[in-house]
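J.: There's a structure below that I have some questions on.
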Amino acid sequence: MSFAGIPSHASKKLHTPKNTKTFANPINIVFFVTSCIILSTSSLMMLSSVIPSVTSAISSPNAYPTSIPWINNESECQHTGRSWQDNKCWDNEHSLMF
């Protein structure tokens, strides 16, 4: 009994329903597993298409001749170790990775 004869609610046990919404229900598990499968498959597909092109560019140091536009005379061109042809300075060791 409480003050002024009003029954106290503190003495009564409050029965609240348990929270039945948890992460580990079948729908969430199926969604999580499916998402993981899709993510890993797409990641592997992207990596399998990118890795060969990167490794081939790194492993084969091919040189391609290219003209150097800022060198305009033969003496300067030959001084830098390049060759002068058709009024252009050519670099025979230019790499695509440059």
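The values are calculated or read from the model by the stated rules, or taken from the named source; none is laboratory data. On a predicted model such as this, the values are computed, not experimentally measured, just so you know. Every residue, glycine among them, receives a Cβ derived from its backbone with ideal geometry; neighbour counts consider all protein chains shown.
J.: List every residue pair whose Cβ atoms lie under 8 Å apart, where the two residues are 6 or more positions apart in sequence or sit on different chains, the first residue falls within the stretch 78-98 and is closer than 30 Å to V54 by Cβ and assigned by TED's automatic domain parsing to the domain that holds S53, and the second residue, located anywhere, is among the aromatic types (F, W, Y) and modelled with pLDDT of 85 or more.
T.: none
J.: Scan the stretch 71-95 for residues that are surrounded by 16 or more Cβ atoms within 10 Å (Cβ to Cβ) and in contact with a helix residue (DSSP H, G or I) (Cβ under 6 Å, 6 or more places away or on another chain) and report the count.
T.: Count: 2.
J.: Specify which of the listed residues (S35, S40, S56) is surrounded by 10 or more Cβ atoms within 10 Å (Cβ to Cβ) and at pLDDT below 90. Can you show your working first?
T.: On the way: S35 fails: at pLDDT below 90; S40 fails: at pLDDT below 90.
Result of the check over S35, S40, S56: S56.
J.: Of the conditions (1) surrounded by 10 or more Cβ atoms within 10 Å (Cβ to Cβ); (2) at pLDDT 85 or above; (3) over 26 Å from the mean Cα position of the chain (by Cα), V50 satisfies every one except a single condition; which number is it?
T.: Every listed condition holds for V50 apart from (3).
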